[in-house]
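Structure first, commentary second.
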Amino acid sequence: MARAGCAGTTQPRRAAKLRAGTTGHWKVVGAPQAGPRGAGAADQASSQRHVDAPKCARVSAGAASLSTCWGCLFITAPCLLAGTRLKGSKMHKLYLRVALSLLQLPLVVGLLVFLPAWTFDYGQAWLFMAVFFACSLAITVYLAVRDPQLLERRMRAGPSAETEPSQKVIMVVALFSIGALPVVSAIDHRLGWSQVPLAIVILGDLLIVIAYVGFYFVFRENTYGAATIQIAEGQKVISSGPYAVVRHPMYSCGLMMLLGIPLALGSWWGLLMLIPALAALVWRLLEEERFLAKNLPGYKDYMRKTPDRLVPRLW
């Protein structure tokens, strides 16, 4: 993956010029560009990305007025600071979609939590929302800067994005179960069913943070990690990093996050919704393995070398 930074460069110090492309999206030019780093699978994929990272680029003082869209500026600002170059309307549309999704996230989660709780006097919920949004923002900005193609693949999600009928059913069940986690937990809070110690609530928030740290390592290792079951052009089996421990580290981290949500919201009864969520996750996992074993060369060998699917030494 191409890196951006100023250390070790021998290029002359000069401010990078800024100009508007024909699509109206601003880009950084006039800065030296870094070449491909290596011949690994992730590097081969990164060489096809629309983001080229220079060794050092200084953005002029007028950068603050470059975008007329605050949402787009919010996402593209880290790219400018990293000295990256954004090309074409496709990137512009992607970052705008991401910005809108981030703006909608607290509204959707807030409705799922505060509406069934029927109160804003819910300290555990405010802490949960802060942790969840901060983690979502951090991983999204990371992908926007370092792997926009992966971010685009992750944006194509949900039942409508799936091609197999069974996967559409699985995604409907999964979305219902995941949405029910905060809803049931909030109803529990409203009716006072559970008395969860503060230490357990904090543990739930920590599980969410740890899950997102795990997502970071998965995304860093596997640039093909789409939200749908598919095989991208040039895709190869990833067997290093977290994939050397279990075959589906993304699902392992997701399971940890789902466990943390009801605990962070101070609910024992919310844990019941883990049953259908886990069933949908395992169903999808098995379907994905069958698809990859049939269509991805080398995956059967990887399955033999890495026997654990989801939990090390357990399953």
Expressed in nanometres to one decimal, the distance between label points 7 Å along Cα→Cβ at Met256 and Ile210 is 0.6
Using alpha-carbon positions, the gyration tensor of segment 218-315 gives root eigenvalues a ≥ b ≥ c; with a/c under 1.5 called rounded, otherwise prolate if a/b exceeds b/c, else oblate, the class is prolate
Of Lys90/Lys300; Lys168/Lys305; Lys168/Lys294, which pairs sit farther than 25 Å apart, going by alpha carbon to alpha carbon? Lys90/Lys300; Lys168/Lys305
If you take the alpha carbon radius of gyration of segment 117-305 and divide it by 2.2 N^0.38 Å, what ratio comes out, to two decimals? 1.09
Whole-number D in µm² s⁻¹ for segment 134-212, Kirkwood Cα-pair radius fed into Stokes-Einstein, 4 °C, 1.567 mPa s: 83
Need the full-extension length gain, Ile231 to Glu287, defined as separation in residues times 0.36 nm minus the C-alpha distance. One decimal, nm. 18.8 nm
Taking θ as phi - 60°, what are the ³J(HN,Hα) couplings along segment 276-292 by the Karplus curve (6.51, -1.76, 1.60), each to the nearest whole Hz, with x for Gly and Pro? x, 5, 5, 4, 5, 5, 5, 4, 5, 4, 5, 5, 5, 5, 4, 5, 5
Obtain the nm distance between the two label points defined at Ala279 and Ile200 by a simple spin-label model: each point lies 7 Å from its Cα along the Cα-to-C-beta direction. 2.4
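Bear in mind these aren't lab numbers, they're just calculated from the coordinates by the rules spelled out. These figures come from a predicted structure and were not determined experimentally. When we count neighbours, we look across all protein chains shown, and the Cβ atoms used for this are built from the backbone with ideal geometry, even at glycine.
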